[in-house]
Amino acid sequence: MESYALLLGATLSAGTVLALASLGLLINEKSGIVNLGAEGMMLCAAVAAFATVVHTGSFALGLVAGMVAGALLAALFGVLVIWFNTNQYATGLALSIFGVGFSAFAGINYVQAKLPETPKFSWPGLSDLPLLGPALGNLHPLVYATMLLAAAMVWFLYRTRAGLVLRSVGESPESAHALGYPVRRIRLAAVAAGGALCGLAGAYISTVYTPLWVEGMVAGRGWIALALTTFATWRPARVLLGAYLFGGVTMLQFHLQASGVQVASQLLSMLPYVATIVVLVFISRNPVWIRANMPASLGRPFHPGG
C-alpha cells in the first residue's frame, strides 16, 4: 500500500506541471487567443528560474523569475497577434521554436550547475493520515496552491463580473467592443497572465520537480497542456482532473519499472503521448460537444473597425 501512496504523491506532483500550464492556456483561450508557444515559454522560464536560484539561492525568486519570463514572452506574442493581427497558430509555433533554441543557448553554462538543497516541507495534519500520510504530507506548497488556483479560476470565470467580461471577449469580441470594453487590452492581459502560469510551470520543473537544467527538459509537456485544455472542454476543474490523469500515466511507467514489470522502457515512455492522442481522437468524435464548449472566437483575429 505504501508504494501506491507514493505513486499518488508522485502523480500529484507531476500533474501540477500540466495543471499550471493548462490553466494558463485556458485563460488565453477563454479570451479567444490560441497560444501554441507553451513549450517554448516553459523552457525559457525553466532556465530563467534555474539561473536565478543558482545566483541568488532563493527558490521563491526562481519561481518569480520563471513567471516573469513566461509573461514577457506571452506579452510579445500577444502584441503580435492582437495589434498586428499575425496568424495566431504560426506565431505560436514560432515562439515555441524560439524558446527551444534560446533556452538551449542561454542554459549552456548551467548544465553542470547545482542548486542549493531543496527545502523540505511537512504538513502536520496531512502527515498523520493513515496510508496516505507519506504521500500527501511532504508535497511542495505549489501542489496545493495549484488546487486552490483551479478553484479560484472557477469562481473568477463564472461568479465575477470580470470573468464574465473575459468570456464575452472570447465569445463575441465585436459585441464586447460595442459595449465599450477594451477588447485588445483585455486579451493582452489574459495572454500575459496565461504566460505567467506557463512560466511558473516551467520554473517548477527546473527548481522543484527535477532540480537541474538539461536542454529540452520540458519534454513535450507544453504540447500535452495544449491538448489538455481541449480534453477538459475549457473547464478549470476538468483541467485539474485531466492533469492528474496524465500525471498518473507519466508516473505509472516508473512504478511499473520499479515493480519489475518486463516492458520495454521506450514503450513505457510513450504512454503519456499515446494517452494524449487517444483522448484527442475520442473527443474529436463529437464535434458538437466541442463547439458547445469552445469560445466562439477562438483563433479568430479581432478588427475593431470591422
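The values are calculated or read from the model by the stated rules, or taken from the named source; none is laboratory data. No experiment lies behind these values; they were computed from the predicted model shown. Reconstructed Cβ throughout: ideal geometry from the backbone, glycine too, with neighbour counts over all protein chains shown. The area values use the complete protein model at the heavy-atom level, side chains included, leaving out ligands, DNA and RNA. Shrake-Rupley method; radii C 1.70, N 1.55, O 1.52, S 1.80 Å.
For this structure, a couple of remarks:
- Taking helices (runs of 4 or more DSSP H) as the structural unit, those lying wholly within region 191-283 and holding at least 2 residues that are crowded, with 17+ Cβ neighbours inside 10 Å and polar (S, T, N, Q) correspond to 221-231, 236-258.
- Pick from region 68-91, criterion among the β-branched types (Val, Ile, Thr) and assigned to a helix (DSSP H, G or I), ranking: nearest to LEU226 (Cα to Cα): THR91
- Odd one out for LEU80 among (1) closer than 21 Å to TRP223 by Cβ; (2) touching a residue at least 24 places away in the same chain (Cβ under 8 Å): (2)
- Subset of region 36-52 (residues that are more than 14 Å from TYR209 (Cα to Cα) and more than 16 Å from the chain's Cα centre (by Cα)): ALA48, ALA51, THR52
- Residue match in region 161-184 (condition: within 30 Å of ILE108 (Cα to Cα), surrounded by 15 or more Cβ atoms within 10 Å (Cβ to Cβ) and at pLDDT 95 or above): no
- All conditions in (1) hydrophobic (A, V, I, L, M, F, W, C); (2) in contact with a Leu (Cβ under 7 Å, 6 or more places away or on another chain); (3) open to solvent by less than 30 Å² (accessible area, probe 1.4 Å); (4) under 30 Å from LEU136 (Cβ atoms) hold for MET67, with the sole exception of (3).
- Residue in region 38-54 that is under 20 Å from THR229 (Cβ atoms) and either in contact with a Phe, Trp or Tyr (Cβ under 7 Å, 6 or more places away or on another chain) or surrounded by fewer than 23 Cβ atoms within 10 Å (Cβ to Cβ) (or both) present: yes
- Single condition ILE33 does not satisfy, out of (1) modelled with pLDDT of 95 or more; (2) open to solvent by 50 Å² or more (accessible area, probe 1.4 Å): (2)
- Selected residue (only one of GLY24, GLY15 is open to solvent by less than 20 Å² (accessible area, probe 1.4 Å) and over 25 Å from THR86 (Cα atoms)): GLY15
- Subset of region 187-216 (residues that are of a type in the set (A, V, I, L, M, F, W, C) and closer than 16 Å to SER58 by Cβ): LEU200, ALA203, VAL208
- Residue under evaluation VAL249, criteria (1) touching a helix residue (DSSP H, G or I) at 6+ places or on another chain (Cβ under 7 Å); (2) touching a residue at least 60 places away in the same chain (Cβ under 8 Å), criterion not met: (2)
- Among residues of region 40-54 that are over 26 Å from THR91 (Cβ atoms), those with a beta-carbon under 8 Å from a residue that is polar (S, T, N, Q) and in a helix (DSSP H, G or I) at least six positions away or on a different chain give the pairs PHE50/SER206; PHE50/THR207; VAL53/THR207.
- Residues satisfying the stated conditions in region 71-120, i.e. open to solvent by 60 Å² or more (accessible area, probe 1.4 Å), under 18 Å from LEU25 (Cα atoms) and not hydrophobic (A, V, I, L, M, F, W, C): ASN87, TYR89
- Of all the numbered requirements in (1) touching a residue at least 12 places away in the same chain (Cβ under 8 Å); (2) part of a helix (DSSP H, G or I), PHE105 misses one, and that requirement is (1).
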